[in-house]
Amino acid sequence: MTLAWYGHLKLQESGTSSNWPLLGVIVFSWGIAFFEYCCQVPANRLGFIENGGPFNLIQLKVIQECISLAVFCVIANIMFQGTHLHWNHILAFLLIICAVYLVFMK
């Protein structure tokens, strides 16, 4: 979803989609998101405890948020060269990793 949500901003910055109507940007983003959903939905189904997987609903969501932030950091640094992580961003990410740990505690 990160690429779908923020990729169009890079296209706009480069001038590719500057003249696109909002509906065109939405359709473009949903086209990207479709492929991401094709991976995410089966992963959630397979990982869900009621379908034989090891994770409950809360654990799945916290894992997904942690992965999303990691992917966002990579994409932001690759696509938006001027975007840098500062100490507070890194600390926030470490706190999210702590949240993952807490969710998995018995």
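The values are calculated or read from the model by the stated rules, or taken from the named source; none is laboratory data. Since the structure is predicted, the reported quantities are computational estimates derived from the model, not experimental observations. Every residue, glycine as well, gets a Cβ built from its backbone with ideal geometry; the counts of neighbours run over all protein chains shown. All accessible areas refer to the heavy atoms of the entire protein, side chains included, with ligands and DNA or RNA removed. Shrake-Rupley method; radii C 1.70, N 1.55, O 1.52, S 1.80 Å.
Worth pointing out:
- T16 contributes an accessible area of around 80 Å² to the protein surface, as traced by a 1.4 Å probe with all chains present.
- Charge dipole (the chain, unit charges on Cβ, about Cα centre) - positive-most of Y37, Q81, F55: F55
- Ranking E50, E36 by solvent-accessible area of protein heavy atoms (1.4 Å probe, all protein chains present), from largest to smallest, gives E50, E36.
- Accessible surface ranking that places the most exposed of W87, W20, W30 first, with a 1.4 angstrom probe: W87, W30, W20
- Computed accessible area, K61, all protein chains, 1.4 angstrom probe, square angstrom: 110 Å²
- For the chain, the carbon plus sulfur part of the accessible surface works out to 73%, probe radius 1.4 Å.
- Area of M79 that stays accessible when all protein chains are in place (1.4 Å probe, Å², to 10): 40 Å²
- Think of it as helices only: each DSSP H run of n ≥ 4 in the chain is worth -39500 (n - 2.57), and spread over all residues that comes to -26000 deg cm²/dmol at 222 nm.
- Calculated SAXS-style log₁₀ I(q)/I(0) at q = 0.14 Å⁻¹ - the chain, Debye, Cα scatterers: -0.72
- In this structure the chain gives 74 Å² per residue of accessible area when probed at 1.4 Å with all protein chains present.
- A simple charge model with +1 on the Cβ of Lys and Arg, -1 on the Cβ of Asp and Glu and nothing else charged puts the dipole of the chain at about 140 debye relative to its Cα centre.
- Percentage relative contact order, the chain, counting C-alpha pairs under 8 Å, at least six apart: 25 percent
- Helix 57-79 and the longest principal axis of the Cα set of the chain meet at an angle near 30°.
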